[in-house]
Every structure is written in structure tokens, then in C-alpha cells.
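Asker: Have a look at this one.
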Amino acid sequence: MPMYVYEAKSGGCAKCASPGFEVMQSLNDAKLTRCPDCGAEIFRVIQAPGLGHSETDLHYRAKRAGFKCLKRVQKGEYEPMY
Ligand SMILES: [Zn+2]
């Protein structure tokens, strides 16, 4: 199941403020528009593992390093894609 990253458009709480939070969703799930915790408007950060190595994506991953990394450790198969 793909992992999506959401981030508050502005402000937000500890959960949704930059760099956002990760949500496991199926492709059929509607995308979130509000933070489930604080109700702030959020947008889905485009992440396309394996589809590109854009600077933005690399920067994003670096920025996110160490943040909520448990999921990525458990899902070690994400790493070989880079
Ligand atoms: Zn929030």
C-alpha cells in the first residue's frame, strides 16, 4: 500500500506542520484535505519513489531524515529505490 505525505498549507499542529506526516492509503482512498488532528488544510506532497530523482524529492527526504523514520526502517524495501 502506498505511503503518502501530507503537509499543512500554513500553520498546522505538531502532526501536520512541515515536514508533515505520512499516511498509508490505498489508491482508491480519497485524498485527505484536512488534518485529522487539528483540521488545518493540508495538501498531498508528491512523492514518486522510483520514478525520478528530482532535487526537490532528495531535498525533501533529507529534510525529513530522522523524522518519523520508524516507518521507513520497518519498510526497509523503500531504501533500495534510491
Ligand atoms: Zn494538524
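Asker: Within the set of pairs 6 or more residues apart or between chains, which connect a residue that is surrounded by fewer than 12 Cβ atoms within 10 Å (Cβ to Cβ) inside the range 27-47 to a residue that is assigned to a strand (DSSP E or B) and β-branched (Val, Ile, Thr) with Cβ atoms less than 6 Å apart?
Answerer: Short answer, once both residue conditions are applied: none.
Asker: Further question: Please specify each residue of the range 1-26 satisfying the condition of being of a type in the set (A, V, I, L, M) and surrounded by 11 or more Cβ atoms within 10 Å (Cβ to Cβ).
Answerer: Listed by number, the residues that qualify are MET3, VAL5, ALA8, ALA17, VAL23, MET24.
Asker: Do you know which residues across the range 7-31 are more than 8 Å from the ligand (Cβ to nearest atom), at pLDDT 95 or above and of a type in the set (A, V, I, L, M)?
Answerer: None - no residue of the range 7-31 is more than 8 Å from the ligand (Cβ to nearest atom), at pLDDT 95 or above and of a type in the set (A, V, I, L, M), so the list stays empty.
Asker: Output the number of the condition that ALA40 fails; it satisfies all remaining conditions of (1) more than 8 Å from the ligand (Cβ to nearest atom); (2) out of contact with any Pro (no Cβ under 9 Å at 6 or more places or on another chain); (3) modelled with pLDDT of 90 or more.
Answerer: (1)
The values are calculated or read from the model by the stated rules, or taken from the named source; none is laboratory data. The structure presented is a predicted model; accordingly, all values stated were derived computationally and were not measured. Neighbour counts are summed over all protein chains in view; Cβ atoms, including those assigned to glycine, are modelled from backbone coordinates with ideal geometry.
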